[in-house]
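One structure is given below, encoded as structure tokens.
The values are calculated or read from the model by the stated rules, or taken from the named source; none is laboratory data. This structure is a prediction, so every number in the text was calculated from the model and none was measured. Positions of Cβ are generated from backbone atoms using ideal geometry, with glycine treated the same way; all protein chains shown enter the neighbour counts. Accessible surface areas use protein heavy atoms only, side chains included; no ligands, DNA or RNA. Shrake-Rupley method; radii C 1.70, N 1.55, O 1.52, S 1.80 Å.
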Amino acid sequence: MEGLPGLSVRARRLLLEGDVEGRYHGRSGGDSGYRLTMAIAVAVSQPGREWTPAQWWEALVLRPTAGGAWARALRTSKGDRYAEAKLGEMLVRARAFVGRSGAVTCRADALVEIARVREAVERTIWRGTSGGVDERHLAARLELAQRAGGLEHHVSVRQLAELIGCARSTAEASNGRLEKVGWLVRRSSQGGPHASGAWTLRIPAGAGDGGRAAPGHPPAQGGRGAGGDPGMHTAVPVGRDTLSLARIQAHDAFHHHAHAGTGARLLSCLDPVEGRSPQDLAAALGVHRTTVRRRLERLGADGLVVEADGLVYLPASLTGHLGVEADEELLDRAAQERGTAGRGEQRREAHARQREAYRILLDLRARRREERRAPARPPLRLVPEGVVDPVSGELLDDAWAGWDVRDPGRPVWVGGPERGVWAVGA
């Protein structure tokens, strides 16, 4: 629009064409219009693109833009003064939000932030059993953030356990560790630690810095979970792919009693062309070389890896355009051989029963609260029944002459020779 500071391509479309994609659909037309207007307000409050209140008013009200339809309707129904105050307040709120959140110009910026967190996760050595769970945990959350279009996302502990392929208590413990060291920030919770809530991914200080150990998982040289030989912890020789890890880790073949999460992590490190040595894999994953060797033997027996000349390769059946692609037939056969077929479905069914039981419990508590409430007292009535004819409204009792008894609970004296019913006993 001429004479106004520049907008991003998406913000310009919102202003000129409206919400054609339905991204800001609300409970009603007014709610949808308010959300769309706030989105435009955030767009015109970005650093270097700030609009003045006059420009804001002109674009939404004085020009026939589709994105300003709600603002023009507000002006028509409430008047200029109300509409100007309301739109000015929305612009102030948008500027405050941008000041707290930093510049966000389009979805691409959010995806760049997700990529930064993903890189930090992949450059970090996650040592030990708990470290492996935390890496898988973050891989699942990054997938959720990718779908949500930003680092903030919503998930419950049970949903997270299903995505990781672990028990609910395991996912809950991992939540606590990652929140404590700064990978996760809880924004809100709806009903306790197990319920759905809003979370944001963050990069803690020192994470992913040249292959350093993950915060909360210090190296234990020579001990269990140390990963490789001493002196091999200064760099990560093998790259890891959290996108591939998120795609395969919840399969029954990687259940705890089959190839476990370590098996999924190993596959995420492999390439069909460039071989990896078991020593490099142990150093990259922060897992003891004996554990890596044992897992590779089991994976090879099920056809999930290929070994040649001391190097390990990803088989062609699991190779896709973007890293590891799950071959359902091959993985299902591996799960069947290991006796873990159907474990994921059992977990989902158990979680569904728990959710249903929780809903029943909430309904029961609501009914009990309703039953404990004191019954509503009948309204106070000072004028007895029969004083006034209910059909014609005629006064039947002369003792109430001079009283306005239209409201039985509040008779009002309107004048007369005596003070009505109060003088009867005199």
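What the table shows:
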| read-out | value |
| --- | --- |
| Solvent-accessible surface (1.4 angstrom probe) belonging to Asp252, in square angstrom, nearest 10 | 30 |
| Computed lengthening from Arg333 to Arg116, 0.36 nm per intervening residue step minus Cα-Cα distance | 74.5 nm |
| Most to least packed among 318-325, 358-365 [average Cβ atoms within 10 Å] | 318-325, 358-365 |
| In nm, spacing of pseudo-spin labels at Glu371 and His256 (7 Å Cα→C-beta vector) | 3.9 |
| Within the accessible area of segment 348-387 (1.4 Å probe), percent carbon and sulfur | 55 |
| Charge sum, other residues only, whose C-beta stays under 13 Å from Ala335's C-beta, Lys/Arg counted +1 and Asp/Glu -1 | -4 |
| Segment 286-426 - accessible surface per residue (Å², probe 1.4 Å) | 72 |
| His351, His25, reordered so the largest accessible area comes first (probe 1.4 Å) | His25, His351 |
| Under-5 Å amide H pairs with Val324, H placed in peptide plane, nonlocal only | Ser244 |
| Computed over segment 1-76, Cα set: Rg, Dmax in Å | 11.6, 35 |
| Paired Rg and Dmax values of segment 105-160, which use every Cα atom, in angstrom | 12.2, 40 |
| Mean Cβ neighbour count within 10 Å, used as a protection proxy, ranking 155-161, 139-145 highest first | 139-145, 155-161 |
| Over 18 Å [Cα-Cα, segment 330-415], rounded percent | 70 |
| Radius of gyration and Dmax over the Cα atoms of segment 283-426, both given in Å | 41.9, 120 |
| Distant-in-sequence amide H partners of Ser156 (H built 1.01 Å from N, under 5 Å) | Gly197 |
| Computed P(r) (all Cα pairs; segment 1-160; 10 Å bins; percent) | 10, 32, 28, 16, 10, 4, 0 |
| Charge context of Ala96, other residues only, Cβ under 14 angstrom, K/R +1, D/E -1 | +1 |
| Formal net charge of residues neighbouring Leu36 (Cβ-Cβ distance under 14 Å; K, R +1; D, E -1) | +3 |
| Ser392 accessible area, 1.4 Å probe, all protein chains in place, Å² to nearest 10 | 80 |
